[in-house]
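Input: a single structure, listed below in structure tokens.
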Amino acid sequence: MKKIPLILTSLVIAAIAGLALTFADLNRTSASTDQVTSLVAGAKPHKTLRPFRSEKELKDFFKTQGERDRRESQATGMSNATSGAVTDSAAPSPAMAAKSEASSSKDDSITNTQHAGVDEGDIVKLHGDHLVILRRGRIFTVRIGDDSLKPIDSVNAYPPGIDPSNDWYDEMLIAEDTVAVIGYSYGRGGTEINLFDIDEDGRLGYRATYHLRSNDYYSSRNYASRLIGNKLIFYTPQYLGYYGDPMQQFPAIRKWHKGATNDEFQPIVAPTSVYRAEKEINSNYGTALHTVTVCDLADKNFACKGTAVLGAPGRIFYVSQNSVYVWTTDYGYSDGKSKANSMLYKLPLDGEAPSALGVEGVPVDQFSFLESDDEHLNVLVRSGGYGEQMWGSEFAAGDVAMLRTSLDNFSDGSESAARADYRKLPKVEGYTFQNRFVGDYLLYGTGSGWGEPERKDSANLFAVNWKNGEVNQLRLKHGVDRIEVMGADAVVVGTNGRDLDFTPVRLGDVPEVRKSYLRKDASQGELRSHGFFYKPDGTNSGIIGLPIAGSGRAGYRHLVENSASIIFIRNQGLSFDPLGELESETTSINDNCKASCVDWYGNARPIFARNRVFALLGYELVEGKLNGSNIQERRRINFSKHYVPRI
């Protein structure tokens, strides 16, 4: 199965299981900022990180670092559990992507993204009059223009002439007439980018494949790729071991062809594009090279360039409209106590050099971040966390706090965020922590997540005004399994054992829970953020779409089972009324799957396109028609049965 290094991930989690920092002192209004001393005593910090000036300087750094790490490793008996093969997902650094307009207007977006204008990789996209669907190692196109619903084409999502059985094709993005499929190849090693041409008739043509040397990027919540205009932006981690030449592990790219060799890899990160904070890297688990690569999809030669920061291996990354942020964390022990040293890197998308800030705690996932319009970064952190590699986000624990710091505080990494920049927040009981910034509020709570549905008679939801710090505790009759934006307000979805609740939350001067809609005998069919979509049709009205499954289904089963249906709910002034469901009719089919045969990124989506409503349910595409207060099936297709994929 995918994500082979589960054993290594378990070792890392076990090694840091005792982590239990607290935020007890965060609200003390002392004058101390707890800053890290500059390397040059009394020196004013530079506003950006320092790049290595030459390849020799970088090699000398690795030599010194390696000798020190080996000594400390031998002294403590610890091994570098995260070098080489660990699957991680996050950390970035782009410093050259010219900020441009989004590739499609907000009205054409069919992906539930965190920020407008920053598209995210998904399993279905819209290109002109066609839906483009990534499913189990193949790409399909379905024409929806001229009121049609017709399968058009299908191709393998991988290059011809290869064995894809050990490869995973996870995310798809479209820029103009280029389809980019992002995946990870264990068979050939590294991140794989497959490019296809698509014409106005929905016909697909394989163009080229590129391999980027990296470790796995997988995360149970985050997405590896983003698209701003024609700029493909994605994060790749590389864990540098104690032995050998780290330079040989640096990100490099090659164009794939039959008989391709390692000698064909061309570096995409120059030594002078590698940055480090002034604070010394002193990691118990080795050093990681966190790289953001920007590739120009408008360039037929697929020009790519990377910028990298050296830091600890634990990480979470977030992409705003302006920058990529990487929160790195090293876990260790000192004087018999667990500790976590964190550094937050800011990598602007306008070509400016990266900067950094020392921080405390660990965010949960990408939704823990908000770069706000007032030039501040707001981040929810917990005292115990594992980053977001693999299922790390599902195990966040400990005390809760919010960091709110001015973007001007980022500099060369010699300073840390002031104590006054943290605000301690109420701790919520339970596991599977969910959080989301919506309007002026940060919402958070806990639910069942990937586990068995839990009954919660009095679940807590906290709403924090991130501008003034005011905290409101709201009472729900169900867990918090999903928090989504619904115009100026929010909707919280969660189970209470056998049923699924949809609760609107008004986010005015005083947050207020409104009456829930309860779908009896149901559970979520998808856990990823892209499984949800809200289509507004007025200031305070719109339609919710979400895949659902039968009662009591554990969250993890969405990896191997299709959703039963997609439910549609009308929001009218925060009053919810069910419109009905579009159901799946297919139980199972033999599709002769050769790649990506587990739906790690889901298999069902509500789709609102061209003023029409669709339900993607595995290989079925069902169109619905809104008739006043209900939705009825209009027609359906099974797009896998109409043709044999072209090689």
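Where a number appears in this text, it was derived from the coordinates with a stated rule and is not lab data. None of the values given here were measured: they were computed from a predicted structure. A quick note on method: Cβ atoms are made from the backbone with ideal geometry, for glycine too, and the neighbour counts reach across all protein chains shown.
Using the Cβ-Cβ distance between Ala270 and Asp408 with R0 set to 25 Å, the FRET efficiency works out to roughly 0.30. Reported to the nearest whole Å, the Cα centre-to-centre distance from segment 101-174 to segment 452-483 is 34. Rounded to whole numbers, the Karplus 3J(HN,Hα) couplings from phi for segment 304-312 are 10, 9, x, 10, 9, 10, 8, x, 5 Hz, using 6.51 cos²θ - 1.76 cosθ + 1.60 with θ = phi - 60°, and x at Gly and Pro. Counting 0.36 nm for each residue step from Ser372 to Asp509 and taking away their Cα separation leaves a gain of 47.5 nm. Summing +1 for each Lys or Arg and -1 for each Asp or Glu among the other residues whose beta-carbon sits under 13 angstrom from that of Met343 gives -2.
Calculate the FRET efficiency for Asn630 and Glu429 from the Cβ-Cβ distance with a Förster distance of 30 Å, rounded to the nearest 0.05. Efficiency, from the Cβ-Cβ distance: 0.15. For segment 543-601, the set of GluC sites (Glu not before Pro) satisfying both a DSSP loop assignment and a count of at most 13 other C-beta atoms within 10 Å is given as Glu585. In terms of other Cβ atoms within 10 Å, Arg605, Arg136 run from fewest to most in the order Arg136, Arg605. Kirkwood radius and radius of gyration were both taken over the C-alpha atoms of segment 133-250, and their ratio Rg/Rh is 1.03. Residues whose amide H falls under 5 Å from that of Ala175, counting only those 5 or more places apart or on a different chain, are Ala180, with hydrogens built in the peptide plane.
Specify whether the C-alpha gyration tensor of segment 109-200 places it in the rounded, prolate or oblate class, a ≥ b ≥ c being the square roots of the eigenvalues: rounded for a/c under 1.5, otherwise prolate if a/b is larger than b/c and oblate if not. Since a/c reaches 1.5 but b/c is at least a/b, the shape of segment 109-200 is classed as oblate.
What FRET efficiency comes out for Asp577 versus Asp197 if R0 is 51 angstrom and r is the Cβ-Cβ distance? Round to the nearest 0.05. After rounding, the FRET efficiency stands at 0.70. Measuring between alpha carbons in the structure, the pairs from Lys59/Lys346; Lys427/Lys456; Lys477/Lys520; Lys594/Lys641; Lys424/Lys515; Lys231/Lys535 lying more than 21 angstrom apart are Lys59/Lys346; Lys424/Lys515; Lys231/Lys535.
Computed from backbone phi, the HN-Hα couplings of segment 442-450 come to 9, 10, 8, x, 10, x, 9, x, 6 Hz, rounded to whole numbers (Karplus: 6.51 cos²θ - 1.76 cosθ + 1.60, θ = phi - 60°; Gly and Pro given as x). Here's the picture: a label point sits 7 Å out from the Cα of Arg498 along the beta-carbon direction, and within segment 540-569 the residues with their amide nitrogen under 12 Å of it are 551-552.
Is the C-alpha gyration tensor of segment 109-157 telling us rounded, prolate or oblate? Criteria: a/c under 1.5 is rounded; beyond that, a/b larger than b/c is prolate, otherwise oblate. Oblate, since a/c reaches 1.5 and b/c is not below a/b. For a test of the definition: using alpha carbon positions, the gyration tensor, and the 1.5 limit on a/c, classify segment 245-330 as rounded, prolate or oblate. Because a/c hits 1.5 or more and a/b fails to exceed b/c, segment 245-330 counts as oblate. Taken one residue at a time, the phi angles of segment 463-473 give Karplus couplings (6.51, -1.76, 1.60, θ = phi - 60°) of 10, 10, 6, 6, 7, 10, x, 5, 10, 10, 9 Hz. Gly and Pro are set to x.
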